[in-house]
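The values are calculated or read from the model by the stated rules, or taken from the named source; none is laboratory data. Predicted, not measured: the structure shown is a model, and the values here were computed from it. Don't worry about glycine lacking a Cβ; one is built from the backbone with ideal geometry, like all the others, and counts go over all protein chains shown. Areas reflect the complete protein model, heavy atoms only, side chains present, ligands, DNA and RNA absent. Shrake-Rupley method; radii C 1.70, N 1.55, O 1.52, S 1.80 Å.
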Amino acid sequence: MDHLLSIEDLDRAAIERICDRAASFSEVADREIKKVPALRGRTVLNLFYESSTRTRSSFELAAKRLSADVVNFAASGSSVEKGESLKDTILTLGAHKPDAIVIRTPWAGSAELVSRWTPAAIVNAGDGKHEHPTQALLDVHTLRSRLGALDGKRIWIVGDVLHSRVARSNILAFQKMGAHVTVAGPPTLIPRGIEALGCDVRFDLRDLPEADVVYALRMQHERMDQAWVPSLREYAAVYQVNGKRLQPHQVLMHPGPVNRGVELSGEVVDSPQAVITAQVEAGVVVRMAVLYEVLAGNRAKDRTPITAAGAPA
Ligand code: NCD
């Protein structure tokens, strides 16, 4: 695997291979010295144009646990604020010869674009509303540890599907693993035509009790340029996953950060059914497995080098 840009590029066997490797890395976290030399001498550049708590810290920790050198680059405080374009930034940072670039931006398709401008392996850590493939992989890993195989499981993804890159990646990944996915939310927050991905669509939570897994999404205020719901209070009245709506047999997930009292009530966040912290924990080992895959796995040897101008040599 040269890059991880989208769940679309992975088949079920590849998802299982990454999750199995992640499981084998879990043991490293329990050691006194939490490090293995797998990526010694490699450089990983974390390039974040959007805020992040979990994703950035877990990529950094993942690279360090594999003994790679890590450079963290946040767009704020950099020359990006002086108007440097994404391409120029990539070419400039390319001078540090990173072996992998982990990138998050607000622009759909940016990870794929960047993969054309640098010989480094690109890992998409979220490109606008498009995809967040490592989130989907860590969610599959979390569910496999909790439930075993996902075949035949019913997973409901509830909330702001329209603005969610997590929803898109997770619909694809859960289905590849044999689960049946339903998306639910207000009509304004469900993208038209999403059934084409193979999921069911509901505009209310009446049938939520049929779900084995309830995956709540954050209301993505930062991507909303108009009023998509009458008010957060009205949204919560109809779509909040709370103690009345969550059934005792259901597993509750959320990618974080949670808006307590909006998409989830505080009581369900703190309930034993929530695996939100387990998801964060899975983030480190799954990202270790992804970095290992693109840097030490069967990466094509003959990647086209590029010139300073960004064109293939
Ligand atoms: C998600 C993201 O940034 O796409 N968070 C995350 O990576 N854990 C979801 C969100 O911001 O709601």
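Details
- Max mean-square fluctuation residue, GNM over the chain, Cα-Cα springs under 10 Å, options G185, G41, G126: G41
- Both radii come from the Cα set of the chain: Rg as radius of gyration, Rh as Kirkwood radius; their ratio Rg/Rh reads 0.97.
- Protein-only accessible surface at a 1.4 angstrom probe places the residues R116, R154 in the order R116, R154, largest first.
- Heavy-atom accessible area for M177, with the other protein chains in place and a 1.4 Å probe, reaches approximately 0 Å².
- Choice from G128, G148, G193 showing the highest fluctuation, given a GNM over the chain with Cα pairs closer than 10 Å: G193
- Rolled with a 1.4 Å probe across the full set of protein chains, the surface gives W117 an accessible area near 40 Å².
- Charged-residue dipole, Cβ positions (Lys, Arg, Asp, Glu), the stretch 1-159 about Cα centre, Debye nearest 20: 400
- The chain - accessible surface per residue (Å², probe 1.4 Å): 44
- Evaluating kT/(6 pi eta Rh) at 37 °C and 0.692 mPa s, with the Kirkwood radius of the stretch 69-128 over Cα pairs in the Stokes-Einstein relation, gives 279 µm² s⁻¹.
- Electrostatic dipole magnitude of the chain [Cβ: Lys, Arg +1; Asp, Glu -1; Cα centre; debye, to 20]: 500
- Pairwise Lys count, the chain - Cα closer than 28 Å, eight or more residues apart or different chains: 18
- For the stretch 52-120, the Cβ-based charge dipole about the Cα centre amounts to some 180 debye (Lys, Arg positive; Asp, Glu negative; other atoms uncharged).
- Just the protein heavy atoms count here, and of the accessible area of the chain at 1.4 Å, carbon and sulfur take up 50 percent.
- For the chain, with +1 on Lys and Arg beta carbons and -1 on Asp and Glu, the positive-most of L205, I276, L291 along the dipole: L291
- Estimated 222 nm signal from helices in the chain, with DSSP H stretches of n ≥ 4 weighted -39500 (n - 2.57), rounded to 500: -10500 deg cm²/dmol
- Centre-to-centre, using Cα atoms only, the stretch 190-236 and the stretch 8-48 are separated by 32 Å.
- Positive-end residue of I103, N72, G152, charge dipole of the chain with Cβ unit charges: N72
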